[in-house]
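Everything on this sheet refers to the single structure shown next.
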Amino acid sequence: MSEALSNLLREDRRFPPPAELAAAANVTKETYAEADADRIAFWEEQARRLHWDREWDEALDWSKAPFAKWFVGGRINAAYNCLDRHVEAGNGDKVAYHWEGEPGDTRTLTYTDLLREVSRAANALIELGVRAGDRVAIYMPMIPETVVAMLACARLGAPHTVVFGGFSASALRDRIQDCDARIVITSDGGYRRGAPSALKPQVDQALTECPDVRNVLVVKRTDQDVEWTEGRDLWWHEAVDKQSDQHTAEFFDAEQPLYVMYTSGTTGKPKGILHTTGGYLTQVAWTHWAVFDVKPDDVYWTAADIGWVTGHSYIVYGPLANGVTSVMYEGTPDTPHRGRWWELIAKYGVSILYCAPTAIRTFMKWGEDIPAEFDLSSLRVLGSVGEPINPEAYVWYRTFIGSGRTPVVDTWWQTETGGIMITPLPGVADGKPGAAMTPLPGISAEVVDDAGNAVPNGAGGYLVLTEPWPAMLRTLWGDDQRYVDTYWSRFEGRYFAGDGAKKDDDGDIWLLGRVDDVMNVSGHRLSTTEIESALVSHPNVAEAAVVGATDPTTGQAVVAFVILRGSATESGEQAAKELRNHVAAEIGPIAKPRQILVVEELPKTRSGKIMRRLLRDVAENRELGDVTTLTDSSVMELIRTNLSTPG
Ligand code: ATP
Ligand code: MG
C-alpha cells in the first residue's frame, strides 16, 4: 500500500467517473454551457424546483450591491418545501431520517412523522409568543428534535441560530446576545464518547447574562438531573406533545431571514452570517442534487454536526428539500468501536457519504483494516468539505472507503456562501486528488493577484467570487459595515473569500489555505496546504499543521506541528530531521521547516479545522487569541508545555 500511496504531492492520477454513473448523471457538461449563457435564467430554473406561493417579479436585485436580493417579490416557506409538499405529493411514508443514537437506540422518521412533529413544535412556539422575525437559539445534541426545532422556526419565519452543543456557556451567551434571541431550545444533554454529557448547565450559566430570554424549552434525552428555573424552563415533551399536529405554513417574502450562523472562528472572532430563504433554499437544494448526483433511492449521510453550516445545508435543508432519505448519527466515530461509521453505512445501505478531511485523516491513522471489516459496497459517491483534502487522504478515502470505485467530490464553500460553490461533479469531472477544480454552473469564481487581475494558469493568488449567487450571505447580523469591509472592500465589486488558491495548467482551482496563513519566506509566498500535504505524504505522519513565525533573517520561517502515526518509532528529533528533508525533496529547500514539533493533538474547531492562528501565537510566544470555538482547550496547554521542554 505505501508503495502506491507514496509521493502523492506528485500524484497525477486522474479518476474519471464510472461509466454507469456518468451515463445517468443528474448534471452533464452541457449544464455548464447553459448556465454560462444566462446565469440568472439558470438560477430561476433551479428556483422552480421549489414550491412558491407566488413567483418572483425579479430574479436578482443587485442595485444596492453588495446587498443582494434574490427572487424579489416571491413568497415561499422553507419548512413547507422540506415537508408538506412531499407529503402532499404522496411521499409521506418515505423515511426522512434514520437516526441513530450513540448508545445504539434508533428512531425512524418519515416525512409525515416529521411534518407532524414540526407542526406541534411550531404550535408550541406560537404559544410561547414567537412571531415572524423573532430569533430563537438552539443549543442541542445531534437528535431529531434539533431538526424539528429548526424547521418549526422556519415555518414561523423566526430565524434560528444554532450553537454547537460543544460550545461553552460564554460562547452561547455571546451568540444569544449578538442576535438577541428570546427563546432557547436545548436538552438535558446528549451522548458523546460513551457517556451522557450535559447541556443545560451551560444554558443556565449563559442566561445569567441574557435577561431578555423568556423561555427555555428542554428536550429530555439523557435523563440527567437538571436545575430548573420555574416560569422560564419548560420540558419539550410537556409543551410540544400536547399541541395539535396540524399547522398551516405561512408564506413569507423570499428575503425573510432563515437563520444566523456564526462562522467557525478559525481566523478570529466568529461572524454572524445572515441567510435568507428563497435564494438559500434554491442553491442548497440544487447543489445537493447536482453535486452528490442524488437519486430517489439514495441513502445520504452528511457525517457532520448540525451546529455548523454543513449540517444546516446538507443534513437539513438540502436533503429535505429534495425529499431524500438521510442518516443522522448522534455520537463520535470511535464509540463503542472505531468501525462505528462503517457499521452504520452497512446497516442503512448508505450510498453517499459527506465528511471532513480531519475525519478521513483520523481513519487513516486508525488503519484501513477497520473499514475492511464492513460491507461498504452501497457507497457510490464520496464528498469532502471543510479544509483542503490532502492528495494522500483523497486517495485513501477513494481506495479504502470507496472501494477504488467511487468519485470523490472535494467541495469548497463557506458559511458565508451558504452552499457548495467550487467542486468537481461526480458524473462529469476526472477527479484530481487535492483540487476543488471548477465553479459550479451558475457560479463565477476567479483567482486574482494583489492588483485584482486574474492570474494565468499555473499561478497562484486570492480566490474571489465575481458575481452574486443565490445562497450568498446578505450581511453580518447587525453590522452592515463589517460585511462590506470584510468581503467587498479588498477587490472592487468582487467577494473576497479570504482563501489563497492557484490555477493549474488546465485552469482548475486548488485551494491553498487561508490568506492570513500564507507565509512569506525570504520573499517567497508559501502555502500552508502544500507543505502540510507534503508532510502528510510521509508514511510516519498522521496530521500536520504549518504556520509562519517571525524570523530575523527570512522575515517569516516555516514552523510545523506534526502528529506521528502510531507505527512511527523514531525519536522526535530523528523524525523532525527526516521530515525536514522530505519537505525539501517534495517542494524545495525554501519550504523546509525551521522547526518541526511533534505533538499529540492539534487545536481544532468543533468543525474539525485546524486553528493555525493559535499555533502561530504559540510559535511567536504570544498570548492566545479567541479560543471560544476550540474543541478542547487543554490541547493548547499540552502544546505549550511540549514546546518549552527542550529536545
Ligand atoms: P472564520 O471565518 O470564523 O475564520 P471558518 O472560515 O473556518 O471560520 P467556515 O465558514 O466553517 O468558517 O469555513 C470556511 C472555510 O473552510 C473556507 O474559507 C476554506 O478556508 C475552508 N474550506 C472549506 N471547504 C474547503 C475545501 N473543500 N477546500 C479547501 N478549503 C476549504
Ligand atoms: Mg471564514
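The values are calculated or read from the model by the stated rules, or taken from the named source; none is laboratory data. As the structure is a prediction and not an experimental result, all values here were calculated from the model. Neighbour counts run over all protein chains shown; Cβ positions are idealised from the backbone, glycine included. Side chains are part of the model used for accessible areas, which takes the heavy atoms of the whole protein and leaves out ligands, DNA and RNA. Shrake-Rupley method; radii C 1.70, N 1.55, O 1.52, S 1.80 Å.
State the number of residues belonging to region 597-636 that are outside any helix (DSSP H, G or I), more than 21 Å from residue 389 (Cβ to Cβ) and within 29 Å of the chain's Cα centre (by Cα).
14
So which residues in region 534-568 are more than 20 Å from residue 601 (Cβ to Cβ) and under 27 Å from the mean Cα position of the chain (by Cα), if there are any at all?
534, 537, 548
Go through the residues of region 476-485 one by one and say whether even a single one is more than 21 Å from residue 268 (Cα to Cα), assigned to a loop (DSSP other than H, G, I, E, B) and touching a residue at least 40 places away in the same chain (Cβ under 8 Å).
no
Tell me, yes or no, whether region 327-341 has at least one residue that is of a type in the set (A, V, I, L, M) and either surrounded by fewer than 20 Cβ atoms within 10 Å (Cβ to Cβ) or more than 16 Å from ligand 2 (Cβ to nearest atom) (or both). Walk me through how you get there before you give the answer.
Going through region 327-341, the residues of a type in the set (A, V, I, L, M) turn out to be 327-328.
Keeping just the survivors that are either surrounded by fewer than 20 Cβ atoms within 10 Å (Cβ to Cβ) or more than 16 Å from ligand 2 (Cβ to nearest atom) (or both) gives 327-328.
Taking every residue of region 327-341 in turn, at least one turns out to be of a type in the set (A, V, I, L, M) and either surrounded by fewer than 20 Cβ atoms within 10 Å (Cβ to Cβ) or more than 16 Å from ligand 2 (Cβ to nearest atom) (or both).
Please verify whether residue 526 is on the phi < 0 side of the Ramachandran plot and either within 16 Å of ligand 1 (Cβ to nearest atom) or without any contact (Cβ under 8 Å) to a residue 40 or more places away in the chain (or both), treating the condition exactly as stated. Working first, answer last.
Values: on the phi < 0 side of the Ramachandran plot: yes; either within 16 Å of ligand 1 (Cβ to nearest atom) or without any contact (Cβ under 8 Å) to a residue 40 or more places away in the chain (or both): no.
So residue 526 does not fit the description; no.
When you go through (1) touching a Gly at 6+ places or on another chain (Cβ under 7 Å); (2) touching a residue at least 24 places away in the same chain (Cβ under 8 Å); (3) crowded, with 21+ Cβ neighbours inside 10 Å one by one for residue 628, which number turns out not to apply?
(3)
Search region 388-406 for residues being assigned to a loop (DSSP other than H, G, I, E, B) and surrounded by fewer than 24 Cβ atoms within 10 Å (Cβ to Cβ), and hand back the single one that is nearest to ligand 2 (Cβ to nearest atom).
Looking at the filtered set, the residue picked out is 402.
Taking the conditions exactly as written (small (Gly, Ala, Ser), assigned to a loop (DSSP other than H, G, I, E, B) and in contact with a strand residue (DSSP E or B) (Cβ under 6 Å, 6 or more places away or on another chain)), does residue 331 satisfy them or not?
Values: small (Gly, Ala, Ser): yes; assigned to a loop (DSSP other than H, G, I, E, B): yes; in contact with a strand residue (DSSP E or B) (Cβ under 6 Å, 6 or more places away or on another chain): yes.
Here the answer is yes, as residue 331 does meet what is asked.
crowded, with 23+ Cβ neighbours inside 10 Å and either among the charged types (D, E, K, R) or out of contact with any Gly (no Cβ under 6 Å at 6 or more places or on another chain) (or both): which single residue out of 158, 195 fits that description? Reasoning before the result, please.
Values: 195 fails: crowded, with 23+ Cβ neighbours inside 10 Å.
Answer to the selection: 158.
Exactly one condition in (1) more than 27 Å from the chain's Cα centre (by Cα); (2) open to solvent by 50 Å² or more (accessible area, probe 1.4 Å); (3) closer than 25 Å to residue 179 by Cβ is false for residue 65; which is it?
(1)
Quick one: residue 468 ticks every box in (1) under 22 Å from the mean Cα position of the chain (by Cα); (2) within 29 Å of residue 532 (Cβ to Cβ) except a single one, so which number is it?
Answer for residue 468: the failing condition is (2).
Taking region 352-369 only, how many residues are touching a Phe, Trp or Tyr at 6+ places or on another chain (Cβ under 9 Å) and aromatic (Phe, Trp, Tyr)?
Final tally of qualifying residues: 2.
Okay, residues lined up against (1) within 20 Å of residue 543 (Cβ to Cβ); (2) not in a loop (DSSP other than H, G, I, E, B); (3) not β-branched (Val, Ile, Thr):
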| site | (1), (2), (3) |
| --- | --- |
| 344 | no, yes, yes |
| 353 | no, yes, yes |
| 364 | yes, yes, yes |
| 378 | no, no, yes |
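Within region 339-394, how many residues are hydroxyl-bearing (Ser, Thr, Tyr) and under 18 Å from residue 315 (Cβ atoms)?
5
Pull out all pairs, ordered by first then second residue, where Cβ-Cβ is under 6 Å, the residues are six or more apart or on different chains, the first lies in region 259-280 and is touching a residue at least 12 places away in the same chain (Cβ under 8 Å), and the second is assigned to a loop (DSSP other than H, G, I, E, B) and aromatic (Phe, Trp, Tyr).
What qualifies is 260/477; 272/477; 274/477.
Look through region 637-647, keep the residues that are open to solvent by 90 Å² or more (accessible area, probe 1.4 Å) and part of a helix (DSSP H, G or I), and return whichever of them is modelled with the lowest pLDDT.
Ranking the qualifying residues of region 637-647, first place goes to 644.
Hey, could you check region 491-526 for residues that are within 25 Å of the chain's Cα centre (by Cα) and outside any strand (DSSP E or B) and say which is farthest from ligand 2 (Cβ to nearest atom)?
Ranking the candidates gives 508 first.
Every residue in region 541-555 that is surrounded by fewer than 17 Cβ atoms within 10 Å (Cβ to Cβ) and outside any strand (DSSP E or B), please.
Residues satisfying the conditions are 552, 553.
Failed condition for residue 131, given (1) part of a loop (DSSP other than H, G, I, E, B); (2) in contact with a strand residue (DSSP E or B) (Cβ under 8 Å, 6 or more places away or on another chain), with all others met?
(2)
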